[in-house]
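To keep things clear, I will list the structure first and then write my remarks on it.
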Ligand SMILES: [Zn+2]
Ligand SMILES: [Zn+2]
Ligand SMILES: [Zn+2]
């Protein structure tokens, strides 16, 4: 398939957006050509920074109950509570048709779901921090902006060619550059990514040149090995994730930490999750 240059750039933006979605980011692509190709947002715990679970979860409010973390809908018992005296009555005490309180005799009963194990009230879960040691009920939203540089191989396939423009450089540690290459290997389509934050960018690029600052035509040819530490290593990431699941099953916390650190080196998209000054 042949793509026009403009379409090729859009493919890169969509592929990068997809990779971010896989890592829990909610992505937005501006419909017009802006300085930013992708805006990504994420809900995190305001207290510990762990991912925040946005699913609607119901639980039993009794901390000693087995249904405290989550209660299945089938385990919720229908009951009624009196608005006047506060009495709670199961279906054995009052029928579903009646709203008359058996104690104070007023018509002030309302539906009140309770736990089938301990009869405690059930509620929408508010602590949704994925860190089991954290009790926070507050989340916050963080943002990242992304400039995608679609590239292709130059110099007989030895180097990556792409150009940076001065306006690509936002003075913000939440801004990222992702270099994208669509490639083929034995007729199989491959997507390759190099993920850089603002400081990484300044490391590979002298931003003080006239061609960068004034003329906007600073096309660079980059030896891929010079970008290795920014490269997303898909196969290694996959292997490490399997090992991580195993370590989690075994509750091997040292191993979990070790694997998480290794994962950060191989899955360079995890850079997006690192804490930024303006978060
Ligand atoms: Zn937390
Ligand atoms: Zn009552
Ligand atoms: Zn319970």
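Here, each number is a calculation from the coordinates, and none is a lab measurement. Here the structure is a predicted model, which means the values were calculated and not measured. Ideal geometry is used to build each Cβ from the backbone, glycine not excepted, and the neighbour counts take in all protein chains shown.
One table, with the values for the structure above:
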item: Measure of compaction for the chain (Cα Rg per 2.2 N^0.38 Å); result: 1.43
item: Rounded to 10°, Cα long-axis angle of helix 253-266 versus longest principal axis of the chain; result: 40
item: Relative contact order %, region 53-113, counting alpha carbon pairs below 8 Å whose residues are six or more apart; result: 28
item: Rounded tilt (10° steps) of 234-249 against the dominant C-alpha axis of the chain; result: 30
item: Kirkwood-type radius of region 13-74, with distances r between different C-alpha atoms, in Å; result: 14.7
item: Between helix 5-22 and the chain: long-axis angle, C-alpha atoms, 0 to 90°, nearest 10; result: 40
item: Relative contact order, percent, the chain [alpha-carbon distance under 8 Å, six or more residues apart]; result: 16
item: Nitroxide proxy distance, nm - points 7 Å out along Cα→Cβ at residue 63 and residue 7; result: 6.0
item: Mean-position separation - Cα centroids, region 1-72 and region 112-167, in angstrom; result: 5
item: Geometric extent, Cα atoms of region 58-124 - Rg, Dmax (angstrom); result: 12.3, 36
item: Length added when fully stretched, residue 99-residue 202, from 0.36 nm per residue minus Cα-Cα; result: 30.1 nm
item: Modelled FRET efficiency - R0 25 Å, residue 131 with residue 238, Cβ distances, 0.05 increments; result: 0.55
item: Percent antiparallel among DSSP beta bridges (both partners in region 163-279, rounded to 5); result: 100
item: Förster radius 41 Å - calculated FRET efficiency between residue 251 and residue 72, Cβ distance, rounded to 0.05; result: 0.95
item: Relative contact order %, region 128-171, counting alpha carbon pairs below 8 Å whose residues are six or more apart; result: 22
